[in-house]
Amino acid sequence: MRNRLVGAIAALAVALGALAFPSAEPAQAASACTGWTSSFVPPTSIRVYRTTSRRTQTVSFRRYVEKVMASEWGTTAPPAALEVGAIAVKQYAWYYAMHWRGGRDRAGQCYDVVDTTRDQLYNPSRTPTANQLAAVAATWWVSFRKGDRLFLTGYRAGTGSCTANVDGWRLYQRDAVACVRRYGDTAETVARRFYSNLSWVVPGAGDVTGDGRGDVPTVTVDPATGATTATVTTADTAYSEPAVDPSLGIVPLTTTPADRLLGRTAADVTGDRRPDLVQLVRTDTGTALEVMVATPSGYAPAATWWSDTAVPTDPAVPVDPALPVVGATLGEGTFRLVVGDFTGDGIADAAIVRIRPAAIPPDAPPETPPGPPRTDLLVAASSGTAFAAPRVRWSAPLDLTTAELRAGDFSGDGRADLAALTPLEGAGTTLHVAASTPSGELSPLAAWATERLPLADLRVLVADANGDGRDDLVLVRRVASADGTSDLTRVIVYRGGASGAAFSPLYFTGVLPLPFETTRFAAADLDGNGRADLVAFADAGLDPEGNPLGTKVWRLVSAGTTFGLEAWLSSPTMRWETTFPY
């Protein structure tokens with residue numbers, strides 16, 4: 001693009017002319033060139049007009065984006081700025097691979113883009129740096145939407161003042177760098193600053209098999225031995241789990257006694273977009289974080305990514321929550337596991353919620369009452385192959401022992417927030433959130449909404465149900481059937497507002513014929529359209545002889561404004577009592 005930048009970020013480019021001022025709906029030619037049709041999967045190639053040879057060349061789309069990054073963006077920009085730049089570069093070309101403007105070379109061959117700053121500068125002799133390649137790789141599946149529409153992204157130079165040139169349609173490169181350096185913005189936060197009404201879309205959430213559609217990790221636990229078997233519930237007919245290889249697939253992976261398992265969940269902690277299984281276990285000397293890594297052919301056995309080997313401390317001795325926990329014990333207390341991208345690097349981190357009992361200082365007078373319990377959130381950042389030692393990110397004089405705790409990016413800044421659903425006295429449930437801050441910490445818990453039902457009548461999931469790039473809090477409610485004889489379900493979706501200060505109800509479903517007590521739920525983008533769907537595992541009951549009939553699996557497909565219930569799978573061998581979806 002035109003008007004090269006100079007200075008600290010050399011080689012940045014700006015978008016000028018008709019291409020730099022995208023209208024709400026740029027003109028589309030009557031026919032197609034590359035003719036790419038998907039707005040969720042990037043093109044495999046693009047047709048580029050080479051001005052030196054005056055010929056059109058078909059280029060690998062990934063290679064094109066990397067070479068443009070090498071020409072248009074410098075190497076000194078921080079990673080978050082490079083990542084949002086990589087998306088802008090990719091989506092600009094992606095848009096024109098779908099919307100041909102009628103360009104042809106002298107030989108009559110059509111092209112999508114020109115290799116000069118008329119579009120984006122494509123110079124195949126330029127070699128992208130490692131950080132430019134990393135930015136492209138980290139954001140390859142991310143796309144931007146205004147509403148449901150993939151729009152034409154442009155970018156200009158800017159002045160180096162964070163929000164001086166915001167217009168809702170273009171990225172200002174120097175300004176984006178200033179935002180990251182001044183405020184610690186993530187790539188998602190930068191994108192939302194410059195592009196108005198933005199949805200940050202990553203399709204195929206939960207995809208284990210690699211077909212671009214979400215799957216559900218399913219764990220079966222032998223109640224007698226504690227042996228864990230991890231399988232994948234999927235619609236990918238090309239996927240089959242090996243039953244022989246002892247290192248992968250549908251063989252027992254680990255044995256964890258129930259009294260030692262402190263928490264288990266699924267999240268991508270390796271950075272390959274596949275949901276791994278993460279568990280927090282109590283060991284003989286402390287605690288450990290274990291990971292069952294998802295692979296294209298199943299789950300690997302649990303491996304320890306972090307362990308606490310120190311001797312437990314005296315629970316009566318107060319622990320300063322401001323001090324990092326490095327190679328030391330987590331101490332005594334109740335521990336819970338939540339997993340989310342607290343660092344904003346695109347890889348999920350493991351967080352240990354430690355609820356410490358009230359303690360009286362040793363030198364306090366005998367009549368001194370104990371202080372309130374204290375809850376700490378300790379984040380163990382993932383490197384993709386191991387967890388760093390947990391460090392306190394948030395601490396408050398609260399007892400969250402009876403709360404349901406979840407991590408999700410409800411505010412849309414690219415970092416995980418902490419949700420705590422706490423029972424109200426009498427009846428009802430308060431939906432609290434400790435929102436992430438630009439410094440990477442968490443704000444105090446604040447009430448974002450109130451549910452009329454007690455916590456025991458709710459199932460809690462986190463999923464982006466409407467595809468706007470913000471996580472939603474999805475609650476499955478217990479409701480009575482029309483005759484009042486059985487418990488059924490209804491789903492409500494709470495959306496986090498752009499202000500990051502409250503939940504608002506997004507939509508309800510009608511009453512679903514899924515018994516509340518004998519149905520378990522998970523979330524995944526089953527159709528790869530950027531909206532998370534729900535998967536319900538329901539007990540199929542008993543046959544006339546009293547033998548278990550297995551499990552029926554239903555899917556609740558998100559349309560952005562509701563869920564549509566569909567029968568999906570049925571397994572007579574999947575024992576519902578011992579099956580847990582994640």
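One table, with the values for the structure above:
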| quantity | calculated |
| --- | --- |
| Hits in segment 418-428 (condition: within 19 Å of L337 (Cα to Cα) and either more than 29 Å from the chain's Cα centre (by Cα) or open to solvent by less than 10 Å² (accessible area, probe 1.4 Å) (or both)) | L418, A419, A420, L421 |
| L431 buried (at least 20 other Cβ atoms within 10 Å of the Cβ) and under 21 Å from V269 (Cβ atoms) | no |
| Scan of segment 47-71 for residues that are of a type outside the set (S, T, N, Q) and either under 29 Å from the mean Cα position of the chain (by Cα) or open to solvent by 60 Å² or more (accessible area, probe 1.4 Å) (or both), ordered by number | R54, R55, F61, R62, R63, Y64, V65, E66, K67, V68, M69, A70 |
| Candidates R282, R264, R274 - the one that is at pLDDT 85 or above, over 18 Å from Y582 (Cα atoms) and charged (D, E, K, R) | R282 |
| Number of positions in segment 421-458 that are over 28 Å from A80 (Cβ atoms) and of a type in the set (G, A, S) | 6 |
| Among residues of segment 322-367, those that are part of a loop (DSSP other than H, G, I, E, B), among the β-branched types (V, I, T), at pLDDT 70 or above and over 27 Å from W140 (Cα atoms), counted | 0 |
| Every residue from segment 524-582 that is of a type in the set (G, A, S) and in a strand (DSSP E or B) | A524, A536, A538, S558, G564, A567, S570, S571 |
| Candidates T163, T225, filtered to the one that is open to solvent by 10 Å² or more (accessible area, probe 1.4 Å) and either farther than 30 Å from A300 by Cα or under 25 Å from the mean Cα position of the chain (by Cα) (or both) | T163 |
| Within segment 230-245, considering residues that are touching a Pro at 6+ places or on another chain (Cβ under 9 Å) and modelled with pLDDT of 75 or more, the one surrounded by the fewest Cβ atoms within 10 Å (Cβ to Cβ) | T231 |
| Residue count, segment 266-287 (criterion: in contact with a Lys or Arg (Cβ under 8 Å, 6 or more places away or on another chain) and over 14 Å from D341 (Cα atoms)) | 6 |
| Of all residues making up segment 391-400, the number that are touching a Ser or Thr at 6+ places or on another chain (Cβ under 8 Å) and either of a type in the set (F, W, Y) or under 21 Å from L289 (Cβ atoms) (or both) | 2 |
| Residues satisfying the stated conditions in segment 102-116, i.e. touching a residue at least 60 places away in the same chain (Cβ under 8 Å), assigned to a loop (DSSP other than H, G, I, E, B) and surrounded by fewer than 21 Cβ atoms within 10 Å (Cβ to Cβ) | G102, G103, Q109, T116 |
| Tabulated pairs, segment 390-417, first within 21 Å of T287 (Cβ to Cβ) and of a type in the set (V, I, T), second open to solvent by less than 30 Å² (accessible area, probe 1.4 Å) and outside any loop (DSSP other than H, G, I, E, B), C-beta under 7 angstrom, 6+ apart or interchain | V392/D376; V392/L378; T401/I355 |
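Yes/no matrix, rows are residues, columns are (1) part of a loop (DSSP other than H, G, I, E, B); (2) modelled with pLDDT of 95 or more; (3) within 30 Å of A205 (Cβ to Cβ):
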{"position": "W100", "(1), (2), (3)": "yes, yes, no"}
{"position": "P124", "(1), (2), (3)": "yes, yes, no"}
{"position": "L133", "(1), (2), (3)": "no, yes, yes"}
{"position": "V136", "(1), (2), (3)": "no, yes, yes"}
{"position": "Y155", "(1), (2), (3)": "no, no, yes"}
{"position": "G160", "(1), (2), (3)": "yes, no, no"}
{"position": "A164", "(1), (2), (3)": "yes, no, no"}
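The values are calculated or read from the model by the stated rules, or taken from the named source; none is laboratory data. Computed from a predicted structure; not experimentally measured. Neighbour counts are summed over all protein chains in view; Cβ atoms, including those assigned to glycine, are modelled from backbone coordinates with ideal geometry. All accessible areas refer to the heavy atoms of the entire protein, side chains included, with ligands and DNA or RNA removed. Shrake-Rupley method; radii C 1.70, N 1.55, O 1.52, S 1.80 Å.
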